[in-house]
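So the structure is just underneath, and the comments pick up after that.
The values are calculated or read from the model by the stated rules, or taken from the named source; none is laboratory data. Model, not experiment: these values are computed from the prediction. Neighbour counts run over all protein chains shown; Cβ positions are idealised from the backbone, glycine included. Just so you know, the surface numbers come from the protein's heavy atoms only, side chains and all, with ligands and any DNA or RNA stripped out. Shrake-Rupley method; radii C 1.70, N 1.55, O 1.52, S 1.80 Å.
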Amino acid sequence: MGASQVSKMENPYITRTPVKDPEGFYGREGIMKRIFEDTARKQMQSHCIIGERRIGKTSLLNQLLTRDVKKKYIDANIESFVFVGTDVTLFPNAPPAAFFDEWAKAVSKTSGTVLTEPGYMNFRTFVRDVTETGLKIIILLDEFEATASNKNIDRGFFEFIRALTQNYDISFILFSRTPLQHLLREEKFRSTFSSPFFNALNISYLKFLEESEAKRLVIEPSRRAGVDLVDHVDFILEQAYYHPFLLQTLSSIVFNHKRSSDINQEKILKEFADQTEEFFSYLWQHSDSSEKEALKKLASYDYDIPKPVSDNFDRRSLLTEDRTRIFCPSFEAFIKEHT
Ligand SMILES: Nc1ncnc2c1ncn2[C@@H]1O[C@H](COP(=O)(O)OP(=O)(O)OP(=O)(O)O)[C@@H](O)[C@H]1O
Ligand SMILES: [Mg+2]
(Lines give C-alpha, C1' and ligand atoms only; values in the text may rest on other atoms or scores of the structure.)
(Ligands and ions follow the chains in the order given, each with its own letter.)
Protein backbone atom coordinates (compact mmCIF):
# COMPACT_ATOMS: atom_id res chain seq x y z
CA MET A 1 0.00 0.00 0.00
CA GLY A 2 1.37 3.46 -0.91
CA ALA A 3 1.91 5.88 1.95
CA SER A 4 -0.65 8.26 0.45
CA GLN A 5 -3.23 5.51 0.69
CA VAL A 6 -2.75 5.19 4.45
CA SER A 7 -6.18 5.75 5.89
CA LYS A 8 -6.71 8.70 8.17
CA MET A 9 -5.40 8.26 11.70
CA GLU A 10 -3.70 4.96 10.86
CA ASN A 11 -0.14 4.96 12.16
CA PRO A 12 1.98 5.69 9.06
CA TYR A 13 5.47 5.00 10.47
CA ILE A 14 7.52 2.02 9.37
CA THR A 15 9.37 0.54 12.30
CA ARG A 16 9.75 -3.19 11.81
CA THR A 17 10.55 -3.71 8.16
CA PRO A 18 12.81 -2.05 5.59
CA VAL A 19 11.11 0.74 3.63
CA LYS A 20 9.90 -0.27 0.16
CA ASP A 21 7.66 2.53 -1.07
CA PRO A 22 9.70 5.56 -2.29
CA GLU A 23 7.11 7.83 -0.67
CA GLY A 24 8.11 6.62 2.78
CA PHE A 25 11.84 6.82 2.06
CA TYR A 26 13.84 9.92 2.99
CA GLY A 27 17.28 11.19 2.00
CA ARG A 28 20.17 9.21 0.53
CA GLU A 29 20.05 11.21 -2.72
CA GLY A 30 23.83 11.63 -2.92
CA ILE A 31 24.62 7.95 -2.68
CA MET A 32 21.82 6.97 -5.06
CA LYS A 33 23.07 9.48 -7.60
CA ARG A 34 26.63 8.13 -7.34
CA ILE A 35 25.54 4.53 -7.72
CA PHE A 36 23.30 5.18 -10.71
CA GLU A 37 25.93 7.35 -12.38
CA ASP A 38 28.50 4.60 -11.95
CA THR A 39 26.19 1.96 -13.38
CA ALA A 40 25.40 4.09 -16.43
CA ARG A 41 29.09 4.73 -17.14
CA LYS A 42 30.85 3.00 -20.01
CA GLN A 43 33.19 1.30 -17.53
CA MET A 44 30.82 0.31 -14.73
CA GLN A 45 32.03 0.74 -11.17
CA SER A 46 31.19 -1.58 -8.25
CA HIS A 47 30.37 -0.27 -4.77
CA CYS A 48 30.37 -1.33 -1.17
CA ILE A 49 27.97 0.41 1.22
CA ILE A 50 28.86 -0.04 4.85
CA GLY A 51 26.48 0.86 7.62
CA GLU A 52 25.64 -0.10 11.19
CA ARG A 53 22.59 -2.15 12.02
CA ARG A 54 19.26 -0.41 11.25
CA ILE A 55 20.83 2.58 9.51
CA GLY A 56 18.88 1.83 6.33
CA LYS A 57 20.92 -0.46 4.06
CA THR A 58 18.08 -2.74 2.98
CA SER A 59 15.72 0.23 2.58
CA LEU A 60 18.28 1.82 0.25
CA LEU A 61 18.70 -1.44 -1.67
CA ASN A 62 14.91 -1.60 -2.12
CA GLN A 63 14.93 1.89 -3.63
CA LEU A 64 17.61 0.95 -6.15
CA LEU A 65 15.31 -1.82 -7.34
CA THR A 66 12.31 0.48 -7.75
CA ARG A 67 11.32 1.53 -11.24
CA ASP A 68 10.37 5.13 -10.39
CA VAL A 69 13.65 5.69 -8.57
CA LYS A 70 15.67 4.31 -11.49
CA LYS A 71 13.75 6.59 -13.84
CA LYS A 72 14.59 9.61 -11.70
CA TYR A 73 18.33 8.97 -11.75
CA ILE A 74 19.09 7.26 -15.06
CA ASP A 75 18.93 9.37 -18.22
CA ALA A 76 19.42 6.42 -20.58
CA ASN A 77 16.75 3.84 -21.38
CA ILE A 78 16.16 2.12 -18.04
CA GLU A 79 15.05 -1.07 -19.78
CA SER A 80 18.70 -1.75 -20.60
CA PHE A 81 19.64 -2.01 -16.89
CA VAL A 82 18.91 -5.26 -15.12
CA PHE A 83 19.05 -4.92 -11.34
CA VAL A 84 19.06 -8.09 -9.25
CA GLY A 85 18.74 -8.06 -5.44
CA THR A 86 20.05 -11.00 -3.42
CA ASP A 87 20.01 -11.39 0.36
CA VAL A 88 23.14 -13.42 1.11
CA THR A 89 21.67 -14.77 4.37
CA LEU A 90 19.10 -16.69 2.30
CA PHE A 91 22.03 -18.74 0.90
CA PRO A 92 23.78 -20.22 3.94
CA ASN A 93 26.84 -22.20 2.84
CA ALA A 94 25.60 -22.12 -0.74
CA PRO A 95 28.15 -22.95 -3.45
CA PRO A 96 28.93 -20.36 -6.16
CA ALA A 97 26.66 -22.26 -8.58
CA ALA A 98 23.63 -21.47 -6.39
CA PHE A 99 24.37 -17.75 -6.64
CA PHE A 100 24.97 -17.94 -10.39
CA ASP A 101 21.72 -19.80 -10.84
CA GLU A 102 19.78 -17.24 -8.79
CA TRP A 103 21.28 -14.27 -10.66
CA ALA A 104 20.84 -15.88 -14.07
CA LYS A 105 17.17 -16.67 -13.36
CA ALA A 106 16.52 -13.07 -12.43
CA VAL A 107 18.38 -11.71 -15.47
CA SER A 108 16.60 -14.18 -17.78
CA LYS A 109 13.26 -12.51 -17.02
CA THR A 110 14.54 -9.48 -18.92
CA SER A 111 17.01 -10.97 -21.36
CA GLY A 112 15.36 -14.23 -22.32
CA THR A 113 18.81 -15.88 -22.30
CA VAL A 114 19.01 -18.90 -20.00
CA LEU A 115 21.80 -20.52 -18.05
CA THR A 116 21.59 -24.18 -18.96
CA GLU A 117 24.44 -25.72 -16.97
CA PRO A 118 26.02 -24.73 -13.65
CA GLY A 119 29.66 -23.74 -13.28
CA TYR A 120 31.95 -20.77 -13.63
CA MET A 121 32.51 -21.04 -17.38
CA ASN A 122 28.83 -21.35 -18.18
CA PHE A 123 27.99 -18.33 -16.08
CA ARG A 124 30.74 -16.37 -17.81
CA THR A 125 29.26 -17.28 -21.20
CA PHE A 126 25.81 -16.34 -19.94
CA VAL A 127 27.03 -12.90 -18.80
CA ARG A 128 28.87 -12.38 -22.08
CA ASP A 129 25.82 -13.28 -24.17
CA VAL A 130 23.47 -11.09 -22.13
CA THR A 131 25.73 -8.04 -22.04
CA GLU A 132 26.57 -8.33 -25.75
CA THR A 133 22.92 -7.58 -26.45
CA GLY A 134 23.42 -4.18 -24.79
CA LEU A 135 22.07 -5.00 -21.31
CA LYS A 136 23.93 -3.95 -18.18
CA ILE A 137 23.69 -6.20 -15.12
CA ILE A 138 23.82 -4.78 -11.59
CA ILE A 139 23.82 -7.27 -8.72
CA LEU A 140 22.94 -5.97 -5.26
CA LEU A 141 24.07 -8.17 -2.36
CA ASP A 142 22.44 -7.47 1.00
CA GLU A 143 24.02 -8.76 4.24
CA PHE A 144 27.24 -9.27 2.32
CA GLU A 145 29.23 -9.99 5.52
CA ALA A 146 27.46 -13.37 5.63
CA THR A 147 29.73 -14.57 2.80
CA ALA A 148 32.53 -14.64 5.40
CA SER A 149 30.91 -17.60 7.16
CA ASN A 150 30.17 -19.43 3.89
CA LYS A 151 32.78 -22.17 3.58
CA ASN A 152 32.01 -22.66 -0.09
CA ILE A 153 32.95 -19.12 -1.04
CA ASP A 154 36.67 -18.66 -1.44
CA ARG A 155 39.12 -16.25 -2.95
CA GLY A 156 38.64 -17.85 -6.37
CA PHE A 157 34.98 -16.80 -6.35
CA PHE A 158 35.90 -13.14 -5.88
CA GLU A 159 38.72 -13.34 -8.43
CA PHE A 160 36.15 -14.62 -10.91
CA ILE A 161 33.67 -11.86 -10.07
CA ARG A 162 36.41 -9.29 -10.50
CA ALA A 163 37.28 -10.70 -13.92
CA LEU A 164 33.61 -10.53 -14.92
CA THR A 165 33.38 -6.85 -13.91
CA GLN A 166 36.55 -6.09 -15.88
CA ASN A 167 35.40 -7.77 -19.05
CA TYR A 168 31.64 -7.29 -19.25
CA ASP A 169 28.94 -4.76 -18.39
CA ILE A 170 28.25 -6.16 -14.94
CA SER A 171 28.78 -4.56 -11.53
CA PHE A 172 28.15 -5.43 -7.91
CA ILE A 173 26.80 -3.31 -5.06
CA LEU A 174 27.57 -4.87 -1.70
CA PHE A 175 25.79 -3.88 1.53
CA SER A 176 27.57 -4.78 4.73
CA ARG A 177 27.38 -4.06 8.44
CA THR A 178 31.02 -4.95 8.87
CA PRO A 179 33.70 -2.88 7.17
CA LEU A 180 35.57 -5.30 4.91
CA GLN A 181 38.91 -4.32 6.43
CA HIS A 182 37.69 -5.80 9.74
CA LEU A 183 37.38 -9.18 8.05
CA LEU A 184 41.02 -8.93 7.02
CA ARG A 185 42.02 -8.81 10.67
CA GLU A 186 40.86 -12.38 11.14
CA GLU A 187 43.30 -15.00 9.94
CA LYS A 188 40.61 -17.34 8.62
CA PHE A 189 39.10 -14.66 6.34
CA ARG A 190 42.33 -13.01 5.25
CA SER A 191 43.05 -14.94 2.09
CA THR A 192 39.48 -14.60 0.72
CA PHE A 193 38.97 -10.94 1.57
CA SER A 194 42.37 -9.77 0.39
CA SER A 195 41.23 -10.52 -3.16
CA PRO A 196 41.86 -7.55 -5.49
CA PHE A 197 38.09 -7.47 -6.11
CA PHE A 198 37.72 -5.57 -2.83
CA ASN A 199 40.36 -2.99 -3.75
CA ALA A 200 38.37 -2.06 -6.81
CA LEU A 201 35.21 -1.21 -4.83
CA ASN A 202 34.00 2.32 -4.29
CA ILE A 203 33.39 2.41 -0.51
CA SER A 204 30.70 4.56 1.12
CA TYR A 205 29.57 4.71 4.73
CA LEU A 206 25.85 5.00 5.29
CA LYS A 207 25.29 7.25 8.29
CA PHE A 208 22.60 9.57 9.70
CA LEU A 209 20.10 11.45 7.57
CA GLU A 210 20.48 15.21 7.11
CA GLU A 211 18.58 17.35 9.62
CA SER A 212 16.05 18.54 7.01
CA GLU A 213 15.41 14.96 5.89
CA ALA A 214 14.95 13.85 9.50
CA LYS A 215 12.34 16.59 10.01
CA ARG A 216 10.48 15.56 6.88
CA LEU A 217 10.52 11.93 7.98
CA VAL A 218 8.74 12.98 11.19
CA ILE A 219 6.30 15.53 9.79
CA GLU A 220 5.18 14.33 6.36
CA PRO A 221 3.77 10.88 7.26
CA SER A 222 1.87 12.33 10.22
CA ARG A 223 0.34 15.08 8.07
CA ARG A 224 -0.79 12.58 5.49
CA ALA A 225 -2.43 10.55 8.23
CA GLY A 226 -4.13 13.60 9.71
CA VAL A 227 -2.33 13.80 13.08
CA ASP A 228 0.29 16.52 12.69
CA LEU A 229 3.49 15.97 14.71
CA VAL A 230 5.03 19.33 13.79
CA ASP A 231 4.86 20.56 17.42
CA HIS A 232 6.83 17.52 18.55
CA VAL A 233 9.56 17.52 15.92
CA ASP A 234 12.14 19.21 18.18
CA PHE A 235 11.54 16.71 20.96
CA ILE A 236 11.75 13.77 18.53
CA LEU A 237 14.99 14.99 16.94
CA GLU A 238 16.50 15.65 20.36
CA GLN A 239 15.81 12.06 21.38
CA ALA A 240 16.31 10.18 18.10
CA TYR A 241 18.77 12.54 16.43
CA TYR A 242 18.83 11.97 12.64
CA HIS A 243 18.76 8.18 12.90
CA PRO A 244 16.08 6.82 10.53
CA PHE A 245 15.12 3.79 12.60
CA LEU A 246 14.93 5.74 15.87
CA LEU A 247 13.00 8.56 14.20
CA GLN A 248 10.44 6.13 12.84
CA THR A 249 10.16 4.35 16.20
CA LEU A 250 9.74 7.50 18.30
CA SER A 251 7.44 9.19 15.77
CA SER A 252 5.28 6.10 15.81
CA ILE A 253 4.99 6.19 19.61
CA VAL A 254 4.28 9.94 19.70
CA PHE A 255 1.71 9.49 16.93
CA ASN A 256 -0.20 6.91 18.98
CA HIS A 257 -0.16 9.13 22.06
CA LYS A 258 -1.28 12.17 20.11
CA ARG A 259 -4.06 10.22 18.41
CA SER A 260 -5.42 9.33 21.83
CA SER A 261 -4.74 12.97 22.90
CA ASP A 262 -2.54 11.77 25.73
CA ILE A 263 0.93 13.28 25.36
CA ASN A 264 2.88 12.12 28.36
CA GLN A 265 6.61 12.52 27.76
CA GLU A 266 7.63 10.19 30.52
CA LYS A 267 5.46 7.38 29.20
CA ILE A 268 6.65 8.05 25.65
CA LEU A 269 10.30 7.79 26.66
CA LYS A 270 9.65 4.62 28.63
CA GLU A 271 8.03 3.03 25.58
CA PHE A 272 10.90 4.27 23.42
CA ALA A 273 13.45 2.69 25.78
CA ASP A 274 11.54 -0.62 25.66
CA GLN A 275 11.36 -0.67 21.89
CA THR A 276 15.00 0.24 21.36
CA GLU A 277 16.56 -2.03 23.97
CA GLU A 278 17.34 -4.82 21.53
CA PHE A 279 18.97 -2.35 19.12
CA PHE A 280 21.07 -0.70 21.83
CA SER A 281 22.13 -4.14 23.15
CA TYR A 282 23.31 -4.99 19.65
CA LEU A 283 25.37 -1.81 19.39
CA TRP A 284 26.88 -2.47 22.80
CA GLN A 285 27.63 -6.15 22.21
CA HIS A 286 29.24 -5.39 18.87
CA SER A 287 31.69 -2.99 20.46
CA ASP A 288 35.12 -4.27 21.45
CA SER A 289 36.65 -3.54 24.84
CA SER A 290 38.31 -0.28 23.78
CA GLU A 291 35.04 0.92 22.25
CA LYS A 292 33.09 -0.03 25.38
CA GLU A 293 35.60 1.85 27.47
CA ALA A 294 35.20 4.92 25.27
CA LEU A 295 31.39 4.68 25.30
CA LYS A 296 31.42 4.59 29.10
CA LYS A 297 33.61 7.67 29.17
CA LEU A 298 31.37 9.53 26.74
CA ALA A 299 28.29 8.58 28.75
CA SER A 300 29.85 10.31 31.74
CA TYR A 301 30.82 13.34 29.64
CA ASP A 302 34.53 12.59 29.49
CA TYR A 303 35.50 13.30 25.89
CA ASP A 304 39.11 12.24 26.08
CA ILE A 305 38.90 9.23 23.76
CA PRO A 306 41.45 8.09 21.17
CA LYS A 307 41.00 9.53 17.66
CA PRO A 308 40.78 6.11 15.91
CA VAL A 309 37.95 5.13 18.27
CA SER A 310 36.06 8.34 17.66
CA ASP A 311 36.58 7.93 13.87
CA ASN A 312 35.14 4.46 14.14
CA PHE A 313 32.17 5.71 16.20
CA ASP A 314 31.56 8.30 13.53
CA ARG A 315 31.40 5.60 10.85
CA ARG A 316 29.13 3.53 13.06
CA SER A 317 26.83 6.53 13.61
CA LEU A 318 27.23 6.48 17.37
CA LEU A 319 28.18 10.14 17.86
CA THR A 320 26.50 13.37 16.84
CA GLU A 321 28.06 14.81 13.69
CA ASP A 322 30.08 17.38 15.67
CA ARG A 323 31.30 14.39 17.74
CA THR A 324 30.42 16.16 20.98
CA ARG A 325 28.16 13.49 22.44
CA ILE A 326 26.58 10.07 22.05
CA PHE A 327 23.90 10.56 19.39
CA CYS A 328 20.91 9.46 21.44
CA PRO A 329 20.15 10.23 25.12
CA SER A 330 18.41 6.84 25.53
CA PHE A 331 21.54 5.04 24.30
CA GLU A 332 23.57 7.11 26.74
CA ALA A 333 21.21 6.05 29.55
CA PHE A 334 21.42 2.43 28.34
CA ILE A 335 25.24 2.53 28.60
CA LYS A 336 25.09 4.00 32.11
CA GLU A 337 22.63 1.33 33.22
CA HIS A 338 24.52 -1.57 31.70
CA THR A 339 27.95 -0.80 33.01
N1 LIG B 1 15.87 6.38 4.16
C2 LIG B 1 14.96 6.02 5.07
N3 LIG B 1 13.78 6.69 5.15
C4 LIG B 1 12.87 6.33 6.08
N5 LIG B 1 13.04 5.36 6.97
C6 LIG B 1 14.17 4.66 6.94
C7 LIG B 1 15.19 4.95 5.99
N8 LIG B 1 16.22 4.12 6.20
C9 LIG B 1 15.88 3.33 7.24
N10 LIG B 1 14.65 3.65 7.69
C11 LIG B 1 14.01 3.07 8.90
O12 LIG B 1 14.99 2.34 9.59
C13 LIG B 1 14.59 0.98 9.76
C14 LIG B 1 15.79 0.08 9.48
O15 LIG B 1 16.08 0.14 8.10
P16 LIG B 1 16.74 -1.08 7.32
O17 LIG B 1 16.10 -2.35 7.69
O18 LIG B 1 16.77 -0.68 5.90
O19 LIG B 1 18.22 -1.02 7.94
P20 LIG B 1 19.43 -2.01 7.70
O21 LIG B 1 20.65 -1.16 7.71
O22 LIG B 1 19.19 -2.88 6.54
O23 LIG B 1 19.39 -2.86 9.05
P24 LIG B 1 20.05 -4.29 9.36
O25 LIG B 1 21.52 -4.04 9.51
O26 LIG B 1 19.40 -4.68 10.66
O27 LIG B 1 19.72 -5.20 8.21
C28 LIG B 1 13.43 0.75 8.79
O29 LIG B 1 12.47 -0.11 9.37
C30 LIG B 1 12.85 2.13 8.64
O31 LIG B 1 11.97 2.35 9.70
MG1 LIG C 1 19.11 -4.92 6.30
**Request:** Report the one residue of L283, S252, A299 whose Cα lies farthest in the direction of the positive end of the charge dipole of the range 211-337 (charges on C-beta: Lys and Arg +1, Asp and Glu -1; origin at the Cα centre).
**Result:** S252
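Would you please put 110-119, 243-252, 191-200 in order of how densely packed they are, using the mean number of other Cβ atoms within 10 angstrom per residue and starting with the highest?
Working: 110-119: 13.8, 243-252: 24.7, 191-200: 15.9.
In descending order of packing, they fall as 243-252, 191-200, 110-119.
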**Debye, to nearest 20: dipole size of the chain, +1 on Lys, Arg Cβ, -1 on Asp, Glu Cβ** = 600
**Asked** What is the spread of the Cα atoms of the chain along each of their three principal axes, largest first, in whole Å?
**Response** 63, 48, 30
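If I stretch the segment between D75 and M9 completely, what's the gain in nm (0.36 nm per residue apart, minus their alpha carbon distance), one decimal?
On the way: separation 66, 0.36 × 66 = 23.76 nm, distance 3.86 nm.
Length gained between D75 and M9: 19.9 nm.
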**Fill in**
Once the in-chain neighbours fewer than 8 apart are removed, the lysines whose Cα is under 17 Å from K296 read K307, K336
**Fill in**
Helix-only [θ] at 222 nm, the chain, -39500 (n - 2.57) per DSSP H run of 4+, per residue, nearest 500, equals -15500 deg cm²/dmol
**Prompt:** Using a 1.4 Å probe on the protein chains only, how many percent of the accessible area of the range 28-205 belongs to carbon and sulfur?
**Reply:** 48
**Message:** With the crude spin-label approximation of a point 7 Å out along Cα→Cβ, what separation in nm comes out for H182 versus K151?
**Reply:** 2.5
**Request:** In a Gaussian network model over the chain where Cα atoms closer than 10 Å are linked, find which of S317, S59, S260 has the largest mean-square fluctuation.
**Result:** S260
**Modelled FRET efficiency - R0 45 Å, W284 with T110, Cβ distances, 0.05 increments** = 0.55
**Prompt:** Comparing Q166, Q265, Q63, which has the greatest mean-square fluctuation in the GNM of the chain with Cα pairs linked when under 10 Å apart?
**Reply:** Q265
**Request:** Provide Rg over Rh for the range 211-337; use the alpha carbon set for both Rg and the Kirkwood Rh (inverse mean inverse pair distance).
**Result:** 1.01
**Message:** For a quick check of understanding: with a 1.4 angstrom probe and all protein chains in place, what accessible area in square angstrom does D129 have, to the nearest ten?
**Reply:** 60
**Request:** Would you give the gap between the C-alpha center of the range 246-293 and the C-alpha center of the range 125-201, rounded to a whole Å?
**Result:** 36
**Item:** Computed E for S204/K270 - FRET, C-beta separation, R0 51 angstrom, nearest 0.05
**Value:** 0.90
**Prompt:** Can you give the accessible area of D154, probe radius 1.4 Å, in Å² rounded to 10?
**Reply:** 80
**Prompt:** Applying 1/(1 + (r/R0)^6) with R0 = 25 Å to the Cβ-Cβ distance of E159 and R315, what FRET efficiency is obtained, to the nearest 0.05?
**Reply:** 0.35
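How many Lys pairs in the range 99-245 lie less than 23 angstrom apart by Cα atoms, where the lysines are 8 or more positions apart or on different chains? Please list the in-between numbers first.
Numbers: K105/K136; K109/K136; K151/K188; K207/K215.
Qualifying lysine pairs in the range 99-245: 4.
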**Asked** In a GNM of the chain with a 10 Å cut-off on Cα contacts, which of D68, D38, D87 has the highest mean-square fluctuation?
**Response** D68
**Request:** Treat each spin label as a single point 7 Å out from the Cα along the C-beta direction, and report the R16 to R325 distance in nm.
**Result:** 3.2
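Give me the accessible area per residue for the chain, probe 1.4 Å, as a whole number in Å².
On the way: 16120 Å² over 339 residues.
Accessible area per residue: 48 Å².
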**Request:** Please give the residues of the range 163-204, grouped as numeric ranges, whose backbone N is less than 19 Å from a label point set 7 Å along the Cα-to-Cβ vector of Q43.
**Result:** 163-173, 196-203
**Message:** On the principal axes of its Cα set, how long, how wide and how thick is the range 28-205? Give whole Å, largest value first.
**Reply:** 45, 39, 27
